[in-house]
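Beneath this line is the structure, given in structure tokens, with notes to follow.
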Amino acid sequence: GIQVEQSPPDLILQEGANSTLRCNFSDSVNNLQWFHQNPWGQLINLFYIPSGTKQNGRLSATTVATERYSLLYISSSQTTDSGVYFCAVPQVSGSEKLVFGKGTKLTVNP
Amino acid sequence: EAGVTQSPTHLIKTRGQQATLRCSPISGHTSVYWYQQALGLGLQFLLWYDEGEERNRGNFPPRFSGRQFPNYSSELNVNALELEDSALYLCASSLRLIAGGPRYNEQFFGPGTRLTVL
């Protein structure tokens, strides 16, 4: 099945810094989701992005489907950005089964 | 618009018991998914229900089962609980796929049920 790898596994920043999180996938996909898992465990939808670039406030994401990767950019980080960021892709084209990466744990210090 | 809801928030059981977890999807969503997030194992797909039918299941034993009700809410049942079943169980919902429509619909997740097996 498809493999999803995220890097880095851990990231520590000072408030105000920028960061880039990466998601590589082993096969072509027709979609990709980025999530933020808060300290209570809930997955918050960030982006639904099969290709191209989307922006939402201080966050933006770019997926280059032909090269099998996606990037999540966080600018001017805040302590509330702390948590684990996951990317997920459908198991096979058209599948409803999401395969998740292992996540990037982000810690933003004041 | 209300999001996906799950109950209970926490559940404590002992080995051998049965656990029942509940999920209500976003209004208008007919597909419900269950995922397990166990320590060290990441997020793994468990089950997918749509229109009352089980459409797909992950690599989990048959003691993990569930159902979907006519109002599209869902239950996950775990029988003969084992210590390694301790995990966060997340439910998600999405619009159903339709012919000629998108080949994938965005999934939205609930807050989860944390199951502890003692």
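The values are calculated or read from the model by the stated rules, or taken from the named source; none is laboratory data. In this text, all values refer to a predicted model and were calculated from it rather than measured experimentally. Here the Cβ positions follow ideal geometry from the backbone for every residue, glycine too, while neighbour counts run over all protein chains shown. These accessible areas exclude ligands, DNA and RNA; they are computed on the full protein's heavy atoms, side chains included. Shrake-Rupley method; radii C 1.70, N 1.55, O 1.52, S 1.80 Å.
Worth pointing out:
- Rounded if a/c under 1.5, otherwise prolate or oblate - region A:52-103, Cα gyration tensor axes: oblate
- Restricting region B:1-63 to trypsin sites (Lys or Arg not before Pro) that sit in a DSSP loop and have at most 13 other Cβ atoms within 10 Å of their own Cβ leaves B:15, B:63.
- Descending semi-axes in Å of the protein assembly as shown, equivalent ellipsoid built from Cα gyration tensor: 29, 22, 16
- The portion of the accessible surface of chain A made up by carbon and sulfur, rounded to a whole percent, is 49 (1.4 Å probe; DNA, RNA and ligands excluded).
- Region A:4-109: C-alpha gyration tensor shape, a/c 1.5 cut-off, then a/b vs b/c: prolate
- Where only alpha carbons of chain B are counted, the Rg and the Dmax (Å): 14.0, 48
- From phi via Karplus (6.51, -1.76, 1.60), per-residue ³J(HN,Hα) for region B:42-56 in Hz, x at Gly/Pro: x, 8, 10, 5, 10, 8, 9, 10, 8, 6, x, 10, 6, 9, 6
- Entry note, chain B: relative contact order of 36 percent, from Cα contacts under 8 Å with a spacing of 6+ residues.
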